[in-house]
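Here's the structure we're looking at; comments come further down.
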Amino acid sequence: MNWRVHHLVNKGVIQRIGRGLFKIGKEVEFVPAAGRREIRIYNQLKRELPFLDSCVWNFDAIKEFTQHIPSVKLTIVEVERHSTESVFYLLRETHKQVFYKSQRDLRNGYFHNLENAILIRPLVTEAPLQETDKLTTITIEKMLVDIFSDEDFDFLRGFEMTHIFKNAFQAYTINQSKMLRYAFRKNKKEELLTFLKTYNLAVI
């Protein structure tokens with residue numbers, strides 16, 4: 001049975017959407033594009049702080065799923081919690097607009113008209129990430145949970161967030177087991193599961 005399921009996944013007949021969960025159709029993987037700016041920042045962190053766990057991505061990854069696209073030019077850098085302030089000062093030496101979570105600068109759409117801003121955020125341990133040929137970045141499961149749970153993305157609440165989730169589930173394969181494990185680490189599992197069921201997105 002396991003071999004047959006594995007064969008069907010590889011052939012693109014079914015896609016894995018959780019532990020022991022599948023649906024018809026070929027898997028569509030979400031890999032956010034990495035711009036030169038993100039690659040430069042990631043390489044700088046690896047050069048200056050080689051043992052630091054980090055994740056770098058661009059707000060454009062979210063724009064793919066929005067209806068009303070905010071005019072945000074934002075690179076998001078996530079690092080181990082104890083290093084957020086150190087990374088803030090490091091990047092501020094070479095970049096003008098650098099902010100970190102404790103400053104609460106993203107509230108109320110403050111970044112809507114900023115160009116090339118950088119936001120430093122704490123990276124939750126065991127967050128679902130992916131390695132590309134250029135850098136470590138987010139998975140779609142992490143992106144959706146962060147949008148749902150973090151105050152940094154309050155400006156995407158309401159109808160916009162619902163629109164993002166529906167578009168993401170329609171366009172890409174989403175591992176719901178992985179997504180809910182990460183939500184559990186952020187104490188948002190039950191809230192997220194209720195939200196998914198409300199819009200007929202949950203299969204767990």
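How large is the dipole of region 117-204 about the Cα centre if only Lys and Arg carry +1 and Asp and Glu carry -1, each at its Cβ, rounded to the nearest 20 debye?
Dipole of region 117-204, to the nearest 20 debye: 260 debye.
Kindly provide log₁₀ I(q)/I(0) values, in the same order as q = 0.11 Å⁻¹, from the Debye equation applied to equal alpha-carbon scatterers of region 126-204.
-0.27
Each value in this text was obtained by applying a stated rule to the coordinates, not by laboratory testing. Only a predicted model underlies this, so the values are computations on that prediction, with no experimental measurement involved. So basically every Cβ, Gly included, is an ideal-geometry build from the backbone, and we count neighbours across all protein chains shown.
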